[in-house]
Amino acid sequence: MVTIRRGQRLKSVATTEIQPNPENPRLIFRQEEMESLMRSIDSYGIQVPLTVYHEGDNYYLIDGERRWRCARKLNLATVPVLVQAKPTELENLVLMYNIHALREQWDYYTIASKLERVIDLYERENGSKPNEITLSELTGLTRGAIRRCQLLLDLPDRFKVMLMEELNKPKSQQRLSEDLFIEMEKSLKAVTRRIPEYNDRIEDIRDTLVDKFQNNVISAVTDFRQLSKIATAVEGLGIAQNTARRALDQIFDPGKKVSIRQAYSDTVEFEYGEKKASRYVTSLISFLEDVSSEDKVEDLDNELLQELESLYVKLQKLLRH
């Protein structure tokens, strides 16, 4: 059932009278997705009307470009549309963001492509730039999504071109994904915050990391989180900066097939494990003190008691060394 809101009217419009919206953030129309939608429309028709506004001799899309493209390929003479008043430029963008935020997840690069335009239009209308909270309320995006978009916007142009080429492929065939660039940029920010001299080499470092990923030296997108941990260990775990720098230099050296995992294992993995174990021990001690003070020893599960006995034996051996 179609809900017609105040100021809208439902009608049929010739597909030739409809134009795409020049402000539409959507950049990618994947072939397999379009074919699936086209089969559905061919079998059942357009179940959800397109949303448009009227200007001059044409109607301009606010929502429904994929349905309109499919209708044209199927040679449909008309399509059902909801006609509403022409929005302002900012209303136009904000409306499209919110429509798609409720219905489907756009690619982050699609979201990012028009986010700067939203910020610029908001500033023009309100005299100040929107903060993250305002931008989130306007677009329906989470603040985390906005930060991820900003990382993609800050990428060098050569990577944006690579990313667009990948986004045009089916999801299953994408390797240089948005997640790759987002994780890489987050890790490099962590590195340069703690060891600023890497800023001077950042462009070459990016190229090396992408090349190592393409050649499977870096085997997973999540490995970049270990890169952040190497840099963070300089302060958090007391690892000497020289130790961290030597590990990072090996990762950033295009002539060495040193992976992030290998460098992480060789430098800080044990210290992070030690810190994690310390937290567990503190929690265990607190638990045992509570049990002892409240006389609940008899209520302990037999399996837990056996594990504690095993731990006791191992601790004795460890302490003897």
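The values are calculated or read from the model by the stated rules, or taken from the named source; none is laboratory data. As the structure is a computational prediction, the values presented were derived from the model and not from experiment. Virtual Cβ from ideal backbone geometry, glycine too; neighbours counted across all protein chains shown.
Structure notes:
- Any hit, region 175-187, residues being more than 22 Å from residue 259 (Cα to Cα) and touching a residue at least 40 places away in the same chain (Cβ under 8 Å): no
- Residues satisfying the stated conditions in region 153-165, i.e. part of a helix (DSSP H, G or I) and within 30 Å of residue 241 (Cβ to Cβ): 159
- Within region 168-194, being among the hydrophobic types (A, V, I, L, M, F, W, C), more than 20 Å from residue 116 (Cα to Cα) and surrounded by 19 or more Cβ atoms within 10 Å (Cβ to Cβ) holds for 180, 184, 188, 191.
- The listed residue being of a type in the set (Ser, Thr, Tyr) and surrounded by 14 or more Cβ atoms within 10 Å (Cβ to Cβ), out of 88, 110: 110
- Hey, residue 33 of a type outside the set (S, T, N, Q) and in a helix (DSSP H, G or I) or not: yes
- Residues in region 127-142 that are closer than 17 Å to residue 91 by Cβ, part of a loop (DSSP other than H, G, I, E, B) and within 19 Å of the chain's Cα centre (by Cα): 140, 141.
- Subset of region 36-75 that is free of Cβ contacts under 8 Å to residues at least 24 places away in the same chain, in a helix (DSSP H, G or I) and small (Gly, Ala, Ser) - its residue that is surrounded by the most Cβ atoms within 10 Å (Cβ to Cβ): 40
- Pairs linking a residue in region 76-93 that is assigned to a helix (DSSP H, G or I) to a residue that is surrounded by fewer than 17 Cβ atoms within 10 Å (Cβ to Cβ), with Cβ atoms under 8 Å and 6 or more positions apart or on different chains, are 90/125; 93/117.
- Taking region 193-224 as the range and being modelled with pLDDT under 95, of a type in the set (Lys, Arg) and closer than 27 Å to residue 174 by Cβ as the test, no residue passes.
- Filter pass, residue 230 being surrounded by 14 or more Cβ atoms within 10 Å (Cβ to Cβ), within 18 Å of residue 262 (Cβ to Cβ) and not assigned by TED's automatic domain parsing to the domain that holds residue 29: yes
- Test result for residue 123, without any contact (Cβ under 8 Å) to a residue 24 or more places away in the chain and either part of a helix (DSSP H, G or I) or not hydroxyl-bearing (Ser, Thr, Tyr) (or both): yes
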